[in-house]
Every structure is written in C-alpha cells, then in structure tokens.
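These notes are about the structure you will find just below.
FYI, it's all coordinate maths here, none of it is from the lab. Since this is a predicted model, take the numbers as computed values, not measurements. Note that we place each Cβ from the backbone using ideal geometry, even for glycine, and neighbour counts take in every protein chain shown.
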Amino acid sequence: TLRWGVPRPRAGAAKRVIVAQAGAGSYKVAILGAAGGIGEPLSLLIKMSPLVSALHLYDTANVNGVAADLSHCNTQVEVAGFTGKDELVGSLDGADVVVIPAGAPRKPGMTPDDLFSVNAGIVKELVEAVADHAPGALIHIITYPVNSTVPIAAEVLKRKGAYDPRKLLGVTTLDVVRANAFIAAAKGLPLADVDVPVVGGHAGTTILPLLSKARPKAAFTDEEVEELTARVQNAGTEVVEAMAGAESATLSMAYAEARFLEASLRGLDGDADVYECAYVQSQVVPELPFFASRVKLGREGVEEAVGSELRGLSDYEARALEALKPQLKASIDKGIAYVQQQQ
Ligand code: NAD
Ligand code: LMR
C-alpha cells in the first residue's frame, strides 16, 4: 500500500510539519507527458512523496501552470515545469526515474494496438533523449500499447548503447490494483490484505490475474474465476466506455504508478524484499522476451524476474497462459520491427 500522504502537524508542535523520513527525500523524478490526464494527478501524488526531492514536469503542451500550482503545496519536493521540445533535455537533468505517460489514450471502440501508430514514435523520441541525457535512470513506461512500447524502448536503448534491462520497466501495476480491489470486494476480504499476482502483458487477454496465487487464500468457483479474470482484463475498456470518449483511466493509473514508483525508489534506497509485478525483459517464459511477472526491485532496478508464481497454475490459468503467448509475441515483434525498420 502507498505510504505517503499529506504532512501532518506533529502533536504539541502545531506549526511544524513532518516532511521526510530519515534518509529519504533524495530522489529526482521526471514525468514526460506531465500535463495529461495521468500526468497531473500523478504529479500531485509524487509531490506528496517523502522519498522525492525534485519533480520535473515535461510536456509538449504547456505544463508551467501545473508546476506553479503544485509548487505552492508545502511539501519538500521541488517542482519545475519544462514546456516544449527545447526543454526536454533540461527536464532529464539528474533524473533517477523517468516516468513516461506521454501519448494518446484509447477512445471507445479502439484496441490498444490502434494507438501504436501514434504512440510508437513518441516513445522512441523520448527514450532516445533519456538514453542521451539520463542514461542511468530507471524508465517506467505507461504509454500504450505497453506490450509493444517497452520493446520499442529496449531497441532504442540498444541502438544508443545504453540498454540495461534492469532499468526498463513497463507499468502493469494498475492490473494488480484492480485485481486486488475486485477480489477483495467479491470475497469480502480486507482490502489491505489482498495481493494477486498478474502476469503476461497489459492488454485484454494478455493480462492474466493468477487467482490460484491470491493472498490470502480464497476459494473460487469456476464461474467466479472466469468472471473475475474477464473483469480485470476488460477493466481498461470499462473505464474508456464510462468516460464516453473523454479519456481512459487516469486517476487509478496515477495511483498505481505512485505505488510502483514508491516500490522502485525503496529498491533504489536499498530496502530489502521489494516486490511488484512489472512487464520487463525476462526468461520467465522462454519464448517471450518481455513478460509481466513478479520482480524483485533493488539498487539497480530489476534484480530478478521471479516467476515462481507461474509454478503450479490451475488448468484454467495454464490454458490462458498458452493462449496469450502468440498475441503477446506478435506485439513484442511489432515493437522491435518498428525500431529496426527506422534509419
Ligand atoms: P492524455 O492525452 O491526457 O495525456 C497525454 C499527454 O502527453 C498530453 O499532455 C500530451 O501533450 C503529451 N504528449 C504527447 N506527445 C508528447 C511528446 N512527444 N512529448 C511529451 N509529451 C507529449 O493521455 P493520458 O490519459 O494521460 O494517457 C497517457 C497514455 O497512458 C496513453 O497512451 C494511455 O493509453 C496510457 N495508459 C496506460 C495505462 C497503463 O496501465 N499502462 C493506463 C492508462 C493509460
Ligand atoms: C487501462 O488499463 O485502463 C489503460 O491501460 C488504458 C486502456 O486504454 O485500457
């Protein structure tokens, strides 16, 4: 669960505020696409993080108002805005983590792949800049279609001689957040206790929540497994349709990335036993070079793609895993081919 919040006055010292924990507050975070539906609430959540010292907001659209507004919140995070392509390089200066939600979201009737033609070029351009100006940073890719944009980022980094697979992470935390919320509600479990690993990718049936590995252990009928799995897989579409063309999930995504960022920063900080699910380069499923599974986060990023959650799957999960492989492989290959075809 997310540990940060609004600083509160200390008891007996009404005018003082607690703004940081010991050893914390030293990380610099850049958001590329910060003026968007995800970028704005995510910026607010990061402004409240005790682990962060500086937050750089970059967007091709005007982001200076967001930066000015946020800078008035009395937390220790220093906020700066960077608007327009000329300011991209400045926004990356000293970044420990670069979060990329830049790009178009889905509208009703669109598949994730429909966004490929618009977003592939945006991710390529931004990751090229990260390779040149923040080569040691962790990169969190939110931009759709994640199943392809992470392989695109990997190819771009390879071309630049700056690829460290431990530092490139596709953000699938929203799938975990949703699985936890839906299963807690369905089973009447305390929300804070529920933890469901979600593996595969981040689009439709490539998203595979492993109910057999849910904690605390719960019994599900076959119908419940099918319904809950489908609900998690279609949750993005559920929001897109409810938004009626305005946007896709933004608030829950900002929440999910704030959780994932906190885990990444705790890993960088040397905390032991930091685990999250993420879409990373791995050998967990040998025929899929990128796969979302539980990963251990450490001082250099992904220390290990664990994958032990894939042992002892139910028959339903094993079939679903086999069925998602060709689709996920095609999305990975499409991303790789996109970069390889460029000059
Ligand atoms: P949005 O349209 O509200 O915001 C996108 C922002 O990106 C805009 O401010 C835009 O100006 C900016 N932008 C566009 N091109 C840019 C560039 N070259 N450099 C910098 N900024 C640029 O969209 P949103 O709702 O914030 O969603 C952003 C992306 O995240 C979409 O692709 C969406 O599909 C995806 N998404 C992913 C997840 C996930 O779980 N990974 C969840 C929700 C949304
Ligand atoms: C989501 O899961 O809500 C996002 O990836 C956005 C989408 O288009 O589904």
Give the aspartates and glutamates reachable from LYS47 as a straight Cα distance under 14 Å; neighbours fewer than 8 places away on the same chain don't count.
ASP69, GLU78, GLU257, GLU262
For ALA323, the net charge from surrounding residues (Cβ-Cβ under 14 Å; K, R +1; D, E -1) works out to -2
Stokes-Einstein at 10 °C, 1.306 mPa s, Kirkwood radius from Cα pairs: D for the chain in µm² s⁻¹?
78 µm²/s
Skipping prolines and chain starts, which residues have an amide H placed within reach, meaning under 5 Å, of the one on PHE290, given they are 5 or more residues away or on another chain?
SER282
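Say a site is exposed when it is one of the GluC sites (Glu not before Pro), sits in a DSSP loop, and has at most 13 other Cβ atoms within 10 Å; what is then the longest site-free stretch of the chain? Provide the component values of the computation, followed by the final result.
Details: sites that count: GLU287, GLU300.
For GluC sites (Glu not before Pro) (loop position, at most 13 other Cβ atoms within 10 Å), the longest site-free span of the chain is 1-286.
Based solely on its DSSP helices, what 222 nm [θ] is calculated for the chain when runs of n ≥ 4 H residues each add -39,500 (n - 2.57) and the sum is averaged over all residues, nearest 500 deg cm²/dmol?
Calculated mean residue ellipticity at 222 nm is -13000 deg cm²/dmol.
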Note: ASP193 to ASP164 extended length (0.36 nm per residue) minus current alpha-carbon separation gives 7.1 nm
Using +1 at the Cβ of each Lys and Arg and -1 at the Cβ of each Asp and Glu in region 29-167, identify which of HIS72, ILE152, LEU55 lies farthest towards the dipole's positive end.
ILE152
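Could you tell me which trypsin sites (Lys or Arg not before Pro) in region 134-221 are loop residues by DSSP with no more than 11 other beta carbons within 10 angstrom of their beta carbon? Display every interim value, and only then the final one.
Values: sites: LYS158, ARG159, LYS160, ARG166, LYS167, ARG178, LYS187, LYS213, LYS217; in loops: LYS160, LYS217.
Answer in residue order: LYS217.
Per residue Cα convex hull volume for region 94-246, in cubic angstrom? Present the calculation step by step, with values, prior to reporting the outcome.
Details: hull volume 19.2 nm³, N = 153.
Enclosed volume per residue, from the Cα hull, is 125 Å³.
In debye to the nearest 20, how big a dipole does the chain give about its Cα centre with +1 on each Lys and Arg Cβ and -1 on each Asp and Glu Cβ?
Values: 32 positive and 41 negative charges, 150 e Å.
So the magnitude is around 720 debye.
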What lysines does LYS158 reach when the alpha-carbon gap must be under 26 Å and sequence neighbours fewer than 8 apart in one chain are set aside?
LYS28, LYS85, LYS124, LYS167, LYS296, LYS325, LYS329, LYS334
Please state the relative contact order of the chain as a whole percent: Cα pairs under 8 Å, 6+ residues apart?
16 percent
How long are the semi-axes of the equivalent ellipsoid of region 68-118, defined as square roots of 5 times the Cα gyration tensor eigenvalues? Whole Å, largest first.
30, 15, 11
When we measure straight from the Cα of LYS217, which lysines land under 19 angstrom away, once same-chain ones fewer than 8 places off are left out?
LYS187
How much net charge surrounds SER308 when only other residues with a Cβ under 15 Å from its Cβ are counted (Lys, Arg +1; Asp, Glu -1)?
-2
Based on the Cβ-Cβ distance from ALA244 to GLU223, what FRET efficiency comes out when R0 is 35 Å, to the nearest 0.05?
0.70
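For region 117-186, just run the numbers: alpha carbon Rg, then divide by 2.2 N^0.38 Å, N being how many residues it has. Mind showing how you got there, number by number?
On the way: Rg = 14.3 Å, N = 70, 2.2 N^0.38 = 11.1 Å.
Its radius of gyration relative to the 2.2 N^0.38 Å reference: 1.30.
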In order over region 180-191: 3J(HN,Hα) from phi, Karplus 6.51/-1.76/1.60, θ = phi - 60°, whole Hz, x for each Gly or Pro, gives 4, 5, 5, 6, 4, 5, 5, 9, x, 9, x, 3
Mind checking the dipole of region 138-184: about its Cα centre, +1 per Lys or Arg Cβ, -1 per Asp or Glu Cβ, Debye to the nearest 20?
180 debye
What fraction, in whole percent, of alpha-carbon pairs in region 212-280 exceed 21 Å separation?
50 percent
